[in-house]
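Following: one structure in structure tokens, then a few remarks.
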């Protein structure tokens, strides 16, 4: 334990510390489009993760249901106390979705709220002043994703501009257009033209010393929110206010642009490189609402400088996107918006995928991340973890598994231990952490026999309903195939698997050249080659192989390890990662996580699949694939753009917060 403490201490000494929560004021025209709703939901997720603190919400469009709706969203996410302000002299706006705030179930509101029932919202400008005055100097991120009416009125109020200069860290605004839109070089964006004088005032009067980052129309349309997520990712409760608002506005067949979400993501995660930034300069709003970006004189720009560009005008920048950033960023938006509220530990409904996880916990740390990810997926209603079996013959392996399950609030997940397995004398320091966390299974000797547990678990499920995810050695599955009928089932192992298992997703083998080696022997295979050969020969259901090349192409980011696992503290996942990989910074391959991702989301297009064929294992542990158009096996394929998306999905799902209630 002393060595582990030294690792963690070095982390602090080296300056790798968790990021502080960003204080946020959210100024929104939540009435018309539904991206405001998605953006507010995402802010609550980021607050649950400890990355932002929502100080308050102000509304910049006139609709009597807007404030009650915002209050209902806040209440849904466990924050009924958040102050809400409504501006004065606002542009009116009709809405397709605000009326759901009045829906009832019996005598109760379907979406509880107080505003419009027992209390009224505050006025926006006084609320903005109050929140800023109470904040630390230069600390607040103002996120404006609607018309600029409220902020323009704040700047015009006595002392308002000075208050902004003293208290605001930056302004992140969704407005304007900085690229050609649909062949139109003079595109007039709605947030600007709906109150041109206010946006002109903002652009002219916002303090020069407070940075402004503009997310143009082109950013949101480059990353539409997928309707598949709306259809499937919010089913962890019977009624979800975000899903219903989206469907009321856009219907089930429409991928809606993510305009407002981009400003939120940038503002809270400015150092995560989701976006690029233009050269510094200044935005001017013309009389018709067109936004013009003028490059600053003194920033090293080599082209001609506009004659009317203010000297030293470096306050403004606008967001840019590469193709890889767009893939990654869209995935981040989807995962953050669809994450359940912190208060929800278990979904209210049936999981889509029933999973048994077979792992060599105690070798690499990717097994830890993969099991953590399964728990995050279960909270989202995607998977249900039926059992975990260990293929590593070390007494502390199952103890750590049980401790991790308990850490995520699921101490009753059955755990099974291998009998007569390999690597009994090889152990990683992170297994010792189990003694510091609650668990019931003290050692492998006390755990159920893995094969017995596998048989019992499979026999209890519907036919062809279970997905087996194997990310370790092949010993348990080979023994399962050879198991005889017993009191659990009259079927032998091979018959039971064929009857109950939908598919096997396995992290094993290599199907591309690795380090110039066309005959790479992957660890999970060559260390346990006889069982691997048996499973490859006899397994009776479809198999998907995630090869060595997939995990090394999508490494887990060190920044997430440092910043995303602060709640609760200490955090078993973070400690295990640091104990295994003390090099700093260190991005660890995601081998085992890729198998879990494919098992959980087989139809989301994270990976391409090879044509059907057959995988064979040689006597020395090399894997070879032969396509035949009808075979049992397929393997994962991932191009660089897909890798950016996969890496982000893994990062967000593994760092799903641990519910505390």
Discussion item. Quick check: the distance between the Cα centres of the stretch 187-212 and the stretch 96-154, to the nearest angstrom?
Written reply: 21 Å
Worksheet item: Bin by bin, in steps of 10 Å, what percent of the Cα pairs in the stretch 400-509 do you find, going until the bin that has the longest distance?
Response: 13, 40, 35, 12, 0
Worksheet item: Cα atoms only, the stretch 515-579: Rg and Dmax in Å?
Response: 17.4, 46
Worksheet item: Quick one: Debye curve from the C-alpha atoms of the chain, no solvent, what's log10 I(q)/I(0) at q = 0.08, 0.12 Å⁻¹?
Response: -0.65, -1.22
Fill in: the stretch 22-337 - Rg over Rh from alpha carbon coordinates, Kirkwood radius
0.95
Worksheet item: Taking the C-alpha atoms of the stretch 353-604, how large are the radius of gyration and the largest Cα-Cα span, Dmax, in Å?
Response: 17.1, 53
Worksheet item: For the stretch 353-604, what is the relative contact order in percent, using Cα pairs closer than 8 Å and at least 6 residues apart in sequence?
Response: 22 percent
Worksheet item: When only Cα pairs under 8 Å and 6 or more residues apart are kept, what is the percent relative contact order across the stretch 63-206?
Response: 22 percent
Discussion item. What whole-number distance in Å separates the alpha-carbon centres of the stretch 279-298 and the stretch 559-578?
Written reply: 42 Å
Discussion item. Quick check: Cα centre of the stretch 329-386 to Cα centre of the stretch 579-613, how many Å?
Written reply: 13 Å
Response to the item:
Simple spin-label estimate for residue 514/residue 120, 7 Å along Cα→Cβ, in nm, reads 6.9 nm
Worksheet entry | With Cα atoms, 0 to 90° folded angle of helix 591-600 axis to the chain main axis | 80 degrees
Worksheet item: Per-residue ellipticity at 222 nm for the chain, helices alone: DSSP H runs ≥ 4 residues times -39500 (n - 2.57), over residue total, nearest 500 deg cm²/dmol?
Response: -10500 deg cm²/dmol
Worksheet item: Can you give the % of DSSP beta bridges in the stretch 22-337 that are antiparallel, to the nearest 5?
Response: 30 percent
Worksheet item: Tell me, what is the FRET efficiency for residue 186 and residue 320 to the nearest 0.05, using R0 = 25 angstrom and their Cβ-Cβ distance as r?
Response: 0.80
Item to complete: Just need the relative contact order of the chain here, percent rounded to a whole number, with Cα pairs under 8 Å and 6+ apart.
Response: 12 percent
Worksheet item: In what sequence do 653, 154 fall when counting other Cβ within 10 Å, fewest first?
Response: 653, 154
Discussion item. With both bridge residues required to lie in the chain, what share of the DSSP beta bridges run antiparallel, to the nearest 5%?
Written reply: 25 percent
Fill in: the chain: angle of helix 323-337 to the longest principal axis, Cα-based, in degrees nearest 10
90 degrees
Response to the item:
Simple spin-label estimate for residue 221/residue 486, 7 Å along Cα→Cβ, in nm, reads 6.2 nm
Response to the item:
With a ≥ b ≥ c from the Cα gyration tensor eigenvalues, square-rooted, and the rule rounded for a/c under 1.5, otherwise prolate when a/b > b/c and oblate otherwise, the stretch 111-267 is oblate
Worksheet item: Which value in nm describes the separation of the simple spin-label points at residue 278 and residue 248, placed 7 Å from the Cα toward the beta carbon?
Response: 3.5 nm
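Rule-based calculations on the coordinates, nothing more; no lab input. Bear in mind that the values here come from a model prediction, so they are computed numbers and not experimental data. For neighbour counting, all protein chains shown are included, and Cβ atoms are generated from backbone atoms with ideal geometry for every residue, glycine included.
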